[in-house]
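Notes to accompany the following structure.
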Amino acid sequence: MWNELSEIWQAAFREAWEAFVQGSPPIGAVLCDSEGRIIMCEHNRNNEPDILNKRLAHAEAGILRRLDTSEYDPKKLALYSTMEPCPMCMGTIIMSNIKRVHFAAADSYCGMTHLVKSEPYYSSKNVSCIYEGGEPEKFQLTIQAYYELRNMEQGAGSCVFDKFREHCPSAAEAAVKLYAARQLDKAAESKTDVSEVYDCIMNG
């Protein structure tokens, strides 16, 4: 439940929910120092009007572009993301010299953390990728699958949703039920706090 999440994960999911409210893919990211103190937060901004290249407005890449490396040593920081980083974000992480990545949900469609073991250049960077799973993953994949159902209704293919359903059937089922009643859209319109949305999904 929400109160059992760490401050870092609460901040990350708050960002993911803000992305959802704004109509962007619901992904949030947080940068922390070696003591676990939050430095910066960011979310996907693909649907925000002032973004020129909307396809590249991802949370992880965005937060690392904002990092002042004259103030912080990237090697001593940890990046938390609600979703496994995609090819672009994983490349940005590697090139930024971040050494520790935590992600709540596996992205069975385009997640790229496996590259730190399979690709020589990536593996030479000694990046640790920690997969959270559990309740945080179910929440993330539920709101992500809901977002994909909306896209499908507008004519997009089902390949992303199908991958999520294959990996976490309970999240896909929850998303289908919520979408039938447009429950998350209503929560977004009414500015429902993410803590309530999280607990609602966890309670079924």
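The values are calculated or read from the model by the stated rules, or taken from the named source; none is laboratory data. This structure is a prediction, so every number in the text was calculated from the model and none was measured. Neighbour counts are summed over all protein chains in view; Cβ atoms, including those assigned to glycine, are modelled from backbone coordinates with ideal geometry. Quick note on the areas: whole protein, heavy atoms, side chains included, nothing else; ligands and nucleic acids left out. Shrake-Rupley method; radii C 1.70, N 1.55, O 1.52, S 1.80 Å.
Select from the stretch 179-204 the residues that are polar (S, T, N, Q), in a loop (DSSP other than H, G, I, E, B) and within 18 Å of Gly23 (Cα to Cα) and write down the one among them that is most open to solvent (accessible area, probe 1.4 Å).
Of the residues in the stretch 179-204, the ones polar (S, T, N, Q) are 183, 190, 192, 195, 203.
Add one more test, that the residue is in a loop (DSSP other than H, G, I, E, B), and what stays is 190, 192, 203.
From what is left, the residues that are within 18 Å of Gly23 (Cα to Cα) are 190, 192.
Values: Ser190: 75, Thr192: 35 Å².
Among them, the one singled out is Ser190.
Taking only pairs six or more apart or across chains, which ones have beta-carbon atoms under 8 Å, a first residue in the stretch 189-204 that is without any contact (Cβ under 8 Å) to a residue 12 or more places away in the chain, and a second residue that is loosely packed, with under 14 Cβ neighbours inside 10 Å and of a type in the set (Val, Ile, Thr)?
Every condition considered, no pair remains.
Return the residues of the stretch 145-173 that are under 19 Å from Gly133 (Cα atoms), among the acidic types (Asp, Glu) and open to solvent by 60 Å² or more (accessible area, probe 1.4 Å); say none if nothing qualifies. Please lay out each step first, then the result.
Within the stretch 145-173, the subset under 19 Å from Gly133 (Cα atoms) is 145-146, 160-173.
Filter once more, keeping what is among the acidic types (Asp, Glu): 162, 166, 173.
Correct list: Glu166, Glu173.
Quick check: anything in the stretch 77-87 touching a Gly at 6+ places or on another chain (Cβ under 8 Å) and over 23 Å from Trp2 (Cβ atoms)?
Among the residues of the stretch 77-87, at least one is touching a Gly at 6+ places or on another chain (Cβ under 8 Å) and over 23 Å from Trp2 (Cβ atoms), which makes the answer yes.
Tell me, which residue of the stretch 31-40 that is of a type in the set (A, V, I, L, M, F, W, C) and touching a residue at least 40 places away in the same chain (Cβ under 8 Å) is surrounded by the most Cβ atoms within 10 Å (Cβ to Cβ)?
To start, the set of residues in the stretch 31-40 that are of a type in the set (A, V, I, L, M, F, W, C) comprises 31-32, 38-40.
Next, from what is left, pick out any that are touching a residue at least 40 places away in the same chain (Cβ under 8 Å): 31-32.
Details: Leu31: 23, Cys32: 20.
Selected residue: Leu31.
Taking Val176 and the conditions (1) open to solvent by 80 Å² or more (accessible area, probe 1.4 Å); (2) part of a helix (DSSP H, G or I), which numbered condition does it fall short on, given that it satisfies the others?
(1)
Among the strands (runs of 3 or more DSSP E) contained in the stretch 41-137, which hold 3 or more residues that are open to solvent by 20 Å² or more (accessible area, probe 1.4 Å) and either basic (Lys, Arg) or at pLDDT 95 or above (or both)? Please lay out each step first, then the result.
Details: elements: 78-83, 100-105, 128-131.
Correct list: 128-131.
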